[in-house]
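Comments concern the structure below.
The values are calculated or read from the model by the stated rules, or taken from the named source; none is laboratory data. Just so you know, these numbers come straight off a predicted model, no measurement behind them. No Cβ is skipped: glycine too gets one built from the backbone with ideal geometry, and neighbour counts run over all protein chains shown. Each accessible area value is taken on the protein alone, full model and side chains, heavy atoms only, with ligands, DNA and RNA left out. Shrake-Rupley method; radii C 1.70, N 1.55, O 1.52, S 1.80 Å.
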Amino acid sequence: MSEATVAAPVDSSRRTWLITSCAMGGVGAAAVAVPFVSSFQPSERAKAAGAAVEVDVSTIAPGEKKVVEWRGKPVWIMRRTPDQLAALEKQEDQLADPESVRTAYPTPEYARNRHRSIKPEILVAVGICTHLGCSPSDKFAPGPQPSLPDDWQGGFLCACHGSTFDVAGRVFKNKPAPDNLEVPPHYYTSDTTVLIGEEKQA
């Protein structure tokens, strides 16, 4: 290297341009990287799909039901009337699993009763038939109806293959559905609010 080269003055404008270019390149790379990395994070919708769902049951009138989504499944919350609760005992001899002891869709201990719920008047159940995954429709009115027995007390009918369930989600005998409707984990955080997707910690 010659002495002339060593002694040459530094061009400060060129140095500034070089530093600025590098800094801008770094900012650009970061701007591209942030959305790319964040694309690996679960979306808000995906997070919500597995999260517990809080429902105010005080707004549900007797004989009506509300549907919410939990983990991509429809969950029914129904307030049963005194007549509907009384009918549960009348048809137990017609049910395939009146005590909910089968294990393909295990029923939580706190729902292993005639009404399959914590509060007798409130049913919390996954609205998916245990046969092939169709969603049964409401058939709450008692009495003879198409595709239902003459002594029908009210409940649910799966139109896909004819499975019938009482208002506790228990399947009738000799139907394609192998089990009662699933009862999801849930508990009451207050007298009027149920949390679906979690069980109360002891």
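What is the number of the single condition among (1) out of contact with any Lys or Arg (no Cβ under 7 Å at 6 or more places or on another chain); (2) at negative phi that Glu89 does not meet?
Result: Glu89 fails condition (1) only.
If a residue must be touching a strand residue (DSSP E or B) at 6+ places or on another chain (Cβ under 8 Å) and more than 18 Å from Ile60 (Cβ to Cβ), how many such residues does segment 182-202 contain? Can you show your working first?
To start, the set of residues in segment 182-202 that are touching a strand residue (DSSP E or B) at 6+ places or on another chain (Cβ under 8 Å) comprises 182-189, 192-200.
From what is left, the residues that are more than 18 Å from Ile60 (Cβ to Cβ) are 182, 185, 197-200.
Count: 6.
Those residues that are outside any loop (DSSP other than H, G, I, E, B), hydroxyl-bearing (Ser, Thr, Tyr) and under 21 Å from the mean Cα position of the chain (by Cα), I need them from segment 148-202; list them, please.
Step one: of segment 148-202, the residues outside any loop (DSSP other than H, G, I, E, B) are 155-157, 164-166, 171-172, 186-188, 193-196.
Those still in the list that are hydroxyl-bearing (Ser, Thr, Tyr) too: 164, 187-188, 193.
Answer for segment 148-202, where residues must be outside any loop (DSSP other than H, G, I, E, B), hydroxyl-bearing (Ser, Thr, Tyr) and under 21 Å from the mean Cα position of the chain (by Cα): Tyr187, Tyr188, Thr193.
Just the residues that are acidic (Asp, Glu) and either outside any loop (DSSP other than H, G, I, E, B) or under 19 Å from Leu95 (Cβ atoms) (or both), please, taken from segment 106-135. Full working, then the answer.
Filtering segment 106-135 down to residues acidic (Asp, Glu) leaves 109, 121.
Within segment 106-135, just Glu109 meets the criteria.
Of the conditions (1) farther than 19 Å from Val68 by Cα; (2) small (Gly, Ala, Ser); (3) touching a helix residue (DSSP H, G or I) at 6+ places or on another chain (Cβ under 6 Å), Ser117 fails just one. Which one is it?
(1)
Show the residue pairs that are 6+ apart or on different chains and have beta-carbon atoms under 7 Å apart, the first residue being within segment 80-91 and of a type in the set (Ser, Thr, Tyr), the second being open to solvent by less than 100 Å² (accessible area, probe 1.4 Å).
Close Cβ pairs satisfying both conditions: Thr81/Pro62; Thr81/Gly63.
Restricting to segment 66-83, give me the number of residues that are surrounded by fewer than 19 Cβ atoms within 10 Å (Cβ to Cβ) and within 23 Å of Arg170 (Cβ to Cβ).
Looking only at that region, the number is 9.
With respect to the numbered conditions (1) at pLDDT below 95; (2) under 22 Å from Phe140 (Cα atoms); (3) open to solvent by less than 50 Å² (accessible area, probe 1.4 Å), which one is the sole condition not fulfilled by Ala159?
Condition (3) is where Ala159 drops out.
Right, Leu132: aliphatic (A, V, I, L, M), over 24 Å from His186 (Cα atoms) and within 19 Å of the chain's Cα centre (by Cα) or not? Can you show your working first?
On the way: aliphatic (A, V, I, L, M): yes; over 24 Å from His186 (Cα atoms): yes; within 19 Å of the chain's Cα centre (by Cα): yes.
Yes: the conditions hold for Leu132.
What about Ala141, is it under 23 Å from the mean Cα position of the chain (by Cα) and aliphatic (A, V, I, L, M)? Steps first, answer last, please.
Numbers: under 23 Å from the mean Cα position of the chain (by Cα): no; aliphatic (A, V, I, L, M): yes.
So Ala141 does not fit the description; no.
Of all residues in segment 109-126, which are surrounded by 17 or more Cβ atoms within 10 Å (Cβ to Cβ) and either more than 13 Å from Gly169 (Cβ to Cβ) or β-branched (Val, Ile, Thr) (or both)?
Keep residues of segment 109-126 that are surrounded by 17 or more Cβ atoms within 10 Å (Cβ to Cβ), which gives 111, 115-118, 122-126.
Within segment 109-126, Ile118, Ile122, Val124, Val126 qualify.
Among the residues of segment 127-141, is any over 24 Å from Gly72 (Cβ atoms), open to solvent by less than 50 Å² (accessible area, probe 1.4 Å) and either modelled with pLDDT under 95 or out of contact with any Cys (no Cβ under 9 Å at 6 or more places or on another chain) (or both)? I'd like the intermediate steps shown before the answer.
Initial filter on segment 127-141 (over 24 Å from Gly72 (Cβ atoms)): 139-141.
Then drop every residue that is not open to solvent by less than 50 Å² (accessible area, probe 1.4 Å), which leaves 140.
From what's left, either modelled with pLDDT under 95 or out of contact with any Cys (no Cβ under 9 Å at 6 or more places or on another chain) (or both): 140.
Looking through segment 127-141, at least one residue is over 24 Å from Gly72 (Cβ atoms), open to solvent by less than 50 Å² (accessible area, probe 1.4 Å) and either modelled with pLDDT under 95 or out of contact with any Cys (no Cβ under 9 Å at 6 or more places or on another chain) (or both).
Return yes or no: is Ala86 loosely packed, with under 15 Cβ neighbours inside 10 Å, among the small types (Gly, Ala, Ser) and more than 26 Å from the chain's Cα centre (by Cα)?
On the way: loosely packed, with under 15 Cβ neighbours inside 10 Å: yes; among the small types (Gly, Ala, Ser): yes; more than 26 Å from the chain's Cα centre (by Cα): yes.
So Ala86 fits the description; yes.
Every residue in segment 165-198 that is closer than 20 Å to Pro98 by Cα, polar (S, T, N, Q) and open to solvent by 10 Å² or more (accessible area, probe 1.4 Å), please.
First, pick out the residues of segment 165-198 that are closer than 20 Å to Pro98 by Cα: 165-185.
Still in the list and also polar (S, T, N, Q): 174, 180.
Once the filter is applied, which keeps residues that are closer than 20 Å to Pro98 by Cα, polar (S, T, N, Q) and open to solvent by 10 Å² or more (accessible area, probe 1.4 Å), segment 165-198 yields only Asn174.
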